[in-house]
Amino acid sequence: MATELIKVEARSGQAVRLAAGDRLAVVNTHGTQVVDFWALCLPDTTEYLSMVHTRSALRRLRPQVGDTLVTNRRRSVLHLVDDASPGVHDTLIAACDQARYRQLGFEGNHANCCDNFRMAVAEAGIDRTDVPDPLNLFMNFPWDVEGRLEALPTVGAPGDRVTFAAKRDVLVVVSACPMDVVPINGHAGPVDVTLEVVRE
């Protein structure tokens, strides 16, 4: 086996190819960073990790250790092997984009997860402009009994990690979320994260 460490700079995105059986850990290096997470099936990237289909399969709003995440064609794509964090993740909220920052009152261009996704897949040689809904790792966006949502700082600690095993060949894409208008990344703002890839 070979292990590769990849640093994902704050506010940026990164794509990594996994073969079936490979493992990927997303490490919250500083404990305060939300990570938008996607997986596109290879070679047909029209099949991808789908939050709506995964929620339907799991009958839960958050995945747990032992769960298998599924695609928009309801097929297994990733297995959640380990979660060394409080387990507070989000499957509901769309990736941030320029329009979201304008809604929040920010004027001008702002780094965002949708653009990070597009740039990362383009660098991987894939032509894709639509952005699936992400699995928002370490995002603390709780809901109440009436269904209201609230954006709160992540509850992660330095070194928290979530580990997935690929059930098929995929391109995993992550974005160290650039959000600094609402406090989901804590009050210090966006920071870097680490990917740990273990290949068989």
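Restricting attention to segment 182-200, the residues that are in a loop (DSSP other than H, G, I, E, B) and out of contact with any strand residue (DSSP E or B) (no Cβ under 7 Å at 6 or more places or on another chain) total 7.
Selection of strands (runs of 3 or more DSSP E) fully inside segment 1-104 by the criterion of at least 1 residues being surrounded by fewer than 18 Cβ atoms within 10 Å (Cβ to Cβ) returns 2-8, 13-18, 68-70, 76-84.
Taking segment 92-119, which residues are farther than 24 Å from D192 by Cβ and within 14 Å of the chain's Cα centre (by Cα)?
Selection gives L92 alone.
Within segment 149-175, being under 18 Å from A124 (Cα atoms) and touching a Lys or Arg at 6+ places or on another chain (Cβ under 6 Å) holds for one residue alone: L171. If we scan segment 72-89, do we find a residue that is farther than 18 Å from L24 by Cα, of a type in the set (V, I, T) and touching a Leu at 6+ places or on another chain (Cβ under 7 Å)? Checked segment 72-89: no residue is farther than 18 Å from L24 by Cα, of a type in the set (V, I, T) and touching a Leu at 6+ places or on another chain (Cβ under 7 Å). Across segment 115-167, the qualifying residues are those that are among the β-branched types (V, I, T) and touching a Leu at 6+ places or on another chain (Cβ under 8 Å), and the one among them that is farthest from V26 (Cα to Cα) is I126.
Kindly indicate whether R161 is out of contact with any strand residue (DSSP E or B) (no Cβ under 9 Å at 6 or more places or on another chain) and of a type in the set (K, R).
Working: out of contact with any strand residue (DSSP E or B) (no Cβ under 9 Å at 6 or more places or on another chain): no; of a type in the set (K, R): yes.
No.
Restricting to segment 140-168, what's the tally of residues that are over 20 Å from G66 (Cα atoms) and of a type outside the set (D, E)? Residues that pass the stated criteria total 17.
For a quick check of your reading of the model, give me the residue pairs whose first member lies in segment 41-57 and is in contact (Cβ under 8 Å) with a residue 40 or more places away in the chain, whose second is assigned to a loop (DSSP other than H, G, I, E, B) and hydrophobic (A, V, I, L, M, F, W, C), with beta-carbon atoms closer than 8 Å and at least 6 apart or on different chains. That search, which allows pairs on different chains as well, returns T45/I126; M51/L92. For segment 154-185, taking the residues that are buried (at least 18 other Cβ atoms within 10 Å of the Cβ) and over 16 Å from the mean Cα position of the chain (by Cα), the one that is nearest to C41 (Cα to Cα) is identified as K167.
If you take just the strands (runs of 3 or more DSSP E) that sit entirely in segment 107-181, which of them hold at least 3 residues that are without any contact (Cβ under 8 Å) to a residue 40 or more places away in the chain, among the basic types (K, R) and closer than 16 Å to A10 by Cβ? In segment 107-181, no matching strands (runs of 3 or more DSSP E) lie anywhere.
Bear in mind these aren't lab numbers, they're just calculated from the coordinates by the rules spelled out. From a predicted model like this one, the values you see are computed outputs, not experimental measurements. Virtual Cβ from ideal backbone geometry, glycine too; neighbours counted across all protein chains shown.
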